[in-house]
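Structure record follows, encoded as structure tokens.
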Amino acid sequence: MLVSGKQILQHAHENGYAVGAFNVNNMEQVQAIIEAAEAMESPVIIQASQGGLKYAGVEYIAEMAKVAAQKASVPVAIHLDHGTNFKQIMLCIRNGFTSVMVDASKHSLEKNIEITKYIVEAAHAVGVSVEAELGKIGGTEDDITVDEKDATYTDPDEAERFVKETGVDCLAIAVGTAHGPYKGEPKLDFDRIKVIKEKLNIPLVLHGSSGVPEASIKRAIGLGINKINIDTDIRMAFHKAVKEFIHNNPDEYDPRMILGPSKQAMKQVIAEKMQMFDSVGRA
Ligand code: G3H
Ligand code: 13P
Ligand code: ZN
Ligand code: NA
């Protein structure tokens, strides 16, 4: 069933587990997510970035995700990932997304509050949940020094003010994760998660979660992370399966034959994440 992001995350927040938010660009990914969620009896969030929506078309992604959600026996939210543009956010809401992220994290605190507050007012008016970002979650290519850490990681006092003034439903925090694959092992600032959770008492979001070791993920959930974004690990499972299939069957040209095994591989990764996040059986 199609539900709001808030409904899914509030339950996770109250019960101390996390829900996977998996990025999609195509039909096989939507199906892999829904099949895994049903098999695991897990709530789930299907999310698309602006790049994903540009690739597939917002209507295509929205309609595929809605069909999947409406047919599903588990709660499903459809979410815009890293929305940076008012028009894009409105277009997603118009097309039936039940949750949006407004990412104004590159701006000053004041400007981030102003932009986020505006989106919250519009989205809440039509029952759509809002995630915002405070602090800067980089890519794994950005090498962050210890000094930069304080400048880019989420400040707990600023977070408290941010949530109070904007009314966001959940907050993405910068605590040492990064988008894309890691070179070494990521080091998370667990104390920071703990302090932010105590101050805010709302669902917290971890971005860049592909490549983060299971023990770190579990510890982060124990401290208050309730939404975990995964993109790269699914892309890699897709790539590996397609590469293997083509290597073993160089003359096969039927897209169904080529993409079918990749769907199974993505489903497997997603189901493993659901187990790791402790969302299995929560639907
Ligand atoms: O946060 C970024 C997501 O992994 C989406 O990436 O902009 O390449 O679709 P993308
Ligand atoms: P990864 O690609 O590292 O999983 O990050 C995904 C993400 O944070 C999407 O918003
Ligand atoms: Zn992200
Ligand atoms: Na990552």
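Being touching a residue at least 40 places away in the same chain (Cβ under 8 Å) and part of a strand (DSSP E or B): is that true of Q47 here? Taking the combined requirement at face value, the residue satisfies it. Quick check on region 9-29. Is at least one of its residues of a type outside the set (S, T, N, Q), free of Cβ contacts under 8 Å to residues at least 12 places away in the same chain and either under 17 Å from D233 (Cα atoms) or in a helix (DSSP H, G or I) (or both)? Yes, the conditions are met somewhere in region 9-29.
Here are some residues: G167, G208, G224, G176. Which one is within 15 Å of ligand 1 (Cβ to nearest atom), at pLDDT 95 or above and not basic (K, R)?
Details: G167 fails: within 15 Å of ligand 1 (Cβ to nearest atom); G224 fails: within 15 Å of ligand 1 (Cβ to nearest atom); G176 fails: within 15 Å of ligand 1 (Cβ to nearest atom).
Criteria check complete, one pass: G208.
Residue-by-condition table, conditions (1) out of contact with any Lys or Arg (no Cβ under 9 Å at 6 or more places or on another chain); (2) among the hydrophobic types (A, V, I, L, M, F, W, C):
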site: L204; (1), (2): no, yes
site: G224; (1), (2): no, no
site: I246; (1), (2): yes, yes
site: I258; (1), (2): yes, yes
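Starting from region 176-202, take each residue that is within 15 Å of ligand 3 (Cβ to nearest atom) and list its partners that are at pLDDT 95 or above and of a type in the set (D, E), counting only C-beta distances under 6 angstrom and pairs at least six apart or across chains. So the pair list comes out as G176/D189. Take the residues in region 259-283 that are out of contact with any strand residue (DSSP E or B) (no Cβ under 7 Å at 6 or more places or on another chain) and of a type in the set (S, T, N, Q), then tell me which one is surrounded by the most Cβ atoms within 10 Å (Cβ to Cβ). Ranking the qualifying residues of region 259-283, first place goes to S262.
Being of a type in the set (S, T, N, Q) and in contact with a Ser or Thr (Cβ under 8 Å, 6 or more places away or on another chain) is the filter here; which residues of region 258-283 pass it?
Taking region 258-283 first, the residues of a type in the set (S, T, N, Q) are 262, 264, 268, 275, 279.
Residue satisfying the conditions is S279 alone.
Do the conditions hold for A32, that is, is it touching a residue at least 60 places away in the same chain (Cβ under 8 Å) and either part of a strand (DSSP E or B) or surrounded by 21 or more Cβ atoms within 10 Å (Cβ to Cβ) (or both)?
On the way: touching a residue at least 60 places away in the same chain (Cβ under 8 Å): yes; either part of a strand (DSSP E or B) or surrounded by 21 or more Cβ atoms within 10 Å (Cβ to Cβ) (or both): yes.
For A32, the condition - touching a residue at least 60 places away in the same chain (Cβ under 8 Å) and either part of a strand (DSSP E or B) or surrounded by 21 or more Cβ atoms within 10 Å (Cβ to Cβ) (or both) - is met.
Among residues of region 37-55 being away from ligand 2 (no atom under 16 Å from the Cβ) and of a type in the set (A, V, I, L, M, F, W, C), the one that is farthest from the chain's Cα centre (by Cα) is A39.
Within region 1-53, the set of residues being among the hydroxyl-bearing types (S, T, Y) and within 16 Å of ligand 1 (Cβ to nearest atom) comprises S49 only.
From K71, K66, grab the single residue that is more than 28 Å from I173 (Cβ to Cβ) and loosely packed, with under 15 Cβ neighbours inside 10 Å.
On the way: K66 fails: loosely packed, with under 15 Cβ neighbours inside 10 Å.
The conditions single out K71.
Residues in region 256-283 that are of a type in the set (V, I, T) and closer than 18 Å to F245 by Cα: how many? Residues in region 256-283 being of a type in the set (V, I, T) and closer than 18 Å to F245 by Cα: 2 in total.
Please note which helices (runs of 4 or more DSSP H) are completely contained in region 145-258 and include at least 1 residues that are surrounded by fewer than 19 Cβ atoms within 10 Å (Cβ to Cβ) and on the phi > 0 side of the Ramachandran plot. Quick ask: steps written out before the conclusion?
Values: elements: 146-152, 156-166, 190-200, 214-222, 232-248.
Where helices (runs of 4 or more DSSP H) fall fully within region 145-258, none carries at least 1 residues being surrounded by fewer than 19 Cβ atoms within 10 Å (Cβ to Cβ) and on the phi > 0 side of the Ramachandran plot.
The values are calculated or read from the model by the stated rules, or taken from the named source; none is laboratory data. This one's a predicted model, so the numbers in the text were calculated from it and none came from an experiment. Heads up, the Cβs are rebuilt from the backbone with ideal geometry, glycines too, and the neighbour counts pull from every protein chain shown.
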